[in-house]
Every structure is written in structure tokens, then in C-alpha cells.
1. Dipole magnitude of the range A:106-166 about its Cα centre, charges +1 at Lys/Arg Cβ and -1 at Asp/Glu Cβ only, in debye to the nearest 20?
2. Contour minus end-to-end for B:D183 and B:A141, with contour as 0.36 nm per residue of separation and end-to-end as the Cα-Cα distance?
3. Using a cut-off of 12 Å between beta-carbons, work out the net charge of the residues near B:R214 (Lys and Arg +1, Asp and Glu -1, B:R214 not included).
4. Loop-only check: which GluC sites (Glu not before Pro) in the range A:87-166 are DSSP coil with at most 16 other Cβ within 10 angstrom?
5. Which one of A:V132, A:V42, A:V17 has the biggest mean-square fluctuation once chain A is modelled by GNM with Cα springs under 10 Å?
6. Per residue in the range A:98-116, which ones lose no less than 50 Å² of accessible surface when going from chain alone to all protein chains (1.4 Å probe)?
7. Can you tell me the accessible area per residue over the protein assembly as shown, all protein chains present, probe 1.4 angstrom, in square angstrom?
8. Please give the net charge around B:D50, taking every other residue with its beta carbon less than 12 angstrom from that of B:D50, where Lys and Arg add +1 and Asp and Glu add -1.
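The values are calculated or read from the model by the stated rules, or taken from the named source; none is laboratory data. Keep in mind the model is a prediction, meaning the values are calculated, not measured. All Cβ positions, even for glycine, are placed from backbone atoms using ideal geometry, and neighbour counts span all protein chains on display. The accessibility values were calculated without ligands, DNA or RNA, using every heavy atom of the protein model including side chains. Shrake-Rupley method; radii C 1.70, N 1.55, O 1.52, S 1.80 Å.
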Amino acid sequence: MSGPLTPSQTVGPFFGVGLPFERGEQLAPPESAGAMRIEGQVLDGKGEPVPDALLEIWQPATGFGRARTDSEGAFSFTTVKPGPVSAPGGRMQAPHFNVTVFARGLLRHLVTRMYFPDETQANAADPVLNLVEPARRETLIAKQCGGVLHFDVRLQGEQETVFFAI
Amino acid sequence: MSEREPPYLYPDYVGTRLRAPAQPLVNLPDGFHDFPAPLFPRTIAQVDHDLTRQHAGEPIGERIIVTGRVLDSDGRPLRKTVVEVWQANAAGRYLDQDDQHPAPLDPNFTGAGRCLTDNDGHYRFITIKPGAYPWKNHRNAWRPAHIHFSLFGSEFRSRLVTQMYFPGDPLMPRDPILQSIPDQAGRDRLVSRFDPETTVPEWALAYRWDIVLRGRAATPFENEP
């Protein structure tokens, strides 16, 4: 790395005027074939909701989405499920979304992944999940709740979400 | 990771205390974050770079031009990359229902803009200079004037959200958000410089600020001019 990189600063509490855009949480229209809804909450080290967070999800095959949390720390996305992704070295990775988290109080963004609960076999063989200590893996796997996938992001403390260095 | 990045936990910035992860980040082997940055899924209009022309009248405040280049860590320009900005108005108030600072809103100022860099990586915004504003981090805490920037760059790991400050602002040494960056050289990289060459006589002062993102811009074809 040769260049002196520009350092990061927090997104602050007032990004609402600049970053969210209309239907940013829809990677696919809700009524389209195969569309699924992802819902979750961003929580702090005391388990309190984080009402000023912004999440981005990204997978080259399915596109890019951006959603902010509401006063309850809740967010949602509508998308189709991505397929398996090739990994460096020719192995396959289980279907997943890359999830980027910004918030007031985060001086740098955080990067995590959301995997799918109906991919037990692929998840068990996933090279990234296998780098994570078994007790923490479940923080990366969404839960099926009725017709909705549930994925919480716990920034700190009990059941803290696994975040990756970038 | 550059040593010039702020830590997640910086107790002087109270908001980090319950939001910084306590567990170490998990390192992935080379290649796992080598995929392209998202394509911004909305079109960007020509006028989106001019924050002074989004309403019937002109906003109150000191009109400024903010310009610079977006480069990769090898110094190559990032072409046609999205730059998003947002800021407070000249009185230091954001158009946000959670901003209850008793300063006036400006009916002619929203405070958000977007543009694409040109073929040499240049971006350019026309706006008004944002005001300082109080926040409740500690007694008598005031944020130095700043403009928020959000960029994607070319790769997933190029993503950057940061803030640009103005030269000579006496609030900078007292601001825990800026001071969270460990070294002075790193903090200096967030301070724009007054640019008399770009200043337009009788119209607007100009500030110049270059941004260097992690990762590499696509290598140009050898026969490209």
C-alpha cells in the first residue's frame, strides 16, 4: 500500500439528508418472483437499538441496497437470494450478502456477512465461516421467521456480530 | 489497514463506547475482499453537484467551490466514480428532524449533493460554507465546520465515508472525532486548503481537497492516451 490513504470519519447522526435514496432497500421489487424480505435490528453494547445506523448490502449478482435504521433500530431489505460465489483458489462460498454498517459512533464502517439458514451444507463448507470460531458463526446466519429472514447486527457485547477486517 | 485510521473505541468520542466492537475483527485471506465496488443504482443529474440551486432562491451563506481529485493508493485517478456529500447549513443546522440545535433552517438549502468524477478523477461541488454546531459529547462541545463525503471507489474495500474540514478552524484541536485519528499527518489529510487559483472573482471562494482510496483503479489499456 503506497499512498497515504484518506482516513475515515463517522457518518454522524444526520446522514439522512444525504445518503438514503428512494427504494434503496429494494434490490428487487417486493412483488417480483423469488423476492424475499430481510428484517433486522442494529443493537449497541447494552442491547439498546441504534436508531442512526445505515446498512448497505452488496452482492455482484443481485445488486446494491442501502437502508437506514428507524427509531427502533430496525431496517429491512427486499431482495432475491444470491447464488454460490467462487472463492479465491477455486473453492465455492455459500450464498451470502456482504453487509456494511455505518453509524454515529462508528469512526470506521464495519463489514460483515449475512448467510442463509437453508444452506446448512454449503455453510458448513464455507471457507469464511470456517475461519470464525464455531460459537460465533451463528451471528452471521440469518434466521427464518415465518416468511421473513431475520438478521440482527450486534455491535458490541453478548452475541456480538462477527466483523471482518478489510 | 493504515495506521492513520481512527480506532473503533475512542472514549473521548462518547458515541464509540457502546458501539465499538469488543472482539477483534476477523482477518480473511487475500482475495476474499477483492471484488468490485457496487455500482450506484441511481442516475446522477448534472445539477446534483450544485447545492445552491436546488430551491427557488439561493441559500444564505458564503458560496464556495469544493473541488479535488479522487485517487487510488498508487496515485491513479478514479474515473466516473460517485461522490456523495451532505452538510449543515450556514447556521450550523442540518435538515434533519433529530437536529434540534436552535439555529434557523434555510428554506433554500437541503444540504446534499452528488457528482461523478471526470476522466482525471476530478469532482466539483458548489455549496455554501457550513456552520459549526454544538453537540452534547462533552460540556460546550462544538463540531468544526465540515462536509461529509461518501465514496465507493473501484473495489469493495475502497469504500470510504469521511469528513472534510476547513483550514485554520480553531475547533479542530478540540474535536474528538477529528482527534481520533492517531497522527497529525493523518488528521491533516482531512483538511482542505484554500485554493486562490480556483476561486472565482466576485462569485465564490474555493477549497481543494484530494481523496485517496484503498485499492487500485483499473489499469488503463496500454494504448490509451
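1. Details: 6 positive and 8 negative charges, 39 e Å.
So the magnitude is around 180 debye.
2. Values: separation 42, 0.36 × 42 = 15.12 nm, distance 2.17 nm.
That works out to 13.0 nm of additional length.
3. Working: positive: A:R108, B:R4, B:R157, B:R159, B:R216; negative: B:E5, B:D34, B:D72, B:D74, B:E155.
That works out to 0.
4. Numbers: sites: A:E119, A:E138, A:E158, A:E160; in loops: A:E119, A:E158, A:E160.
Answer in residue order: A:E158.
5. A:V17
6. Buried by the other chains: A:R104, A:G105, A:L107, A:R108, A:H109.
7. On the way: 17320 Å² over 391 residues.
Result: 44 Å² of accessible area for each residue.
8. Working: positive: B:R53, B:R63, B:R114, B:R124; negative: B:D48, B:E58.
The answer is +2.
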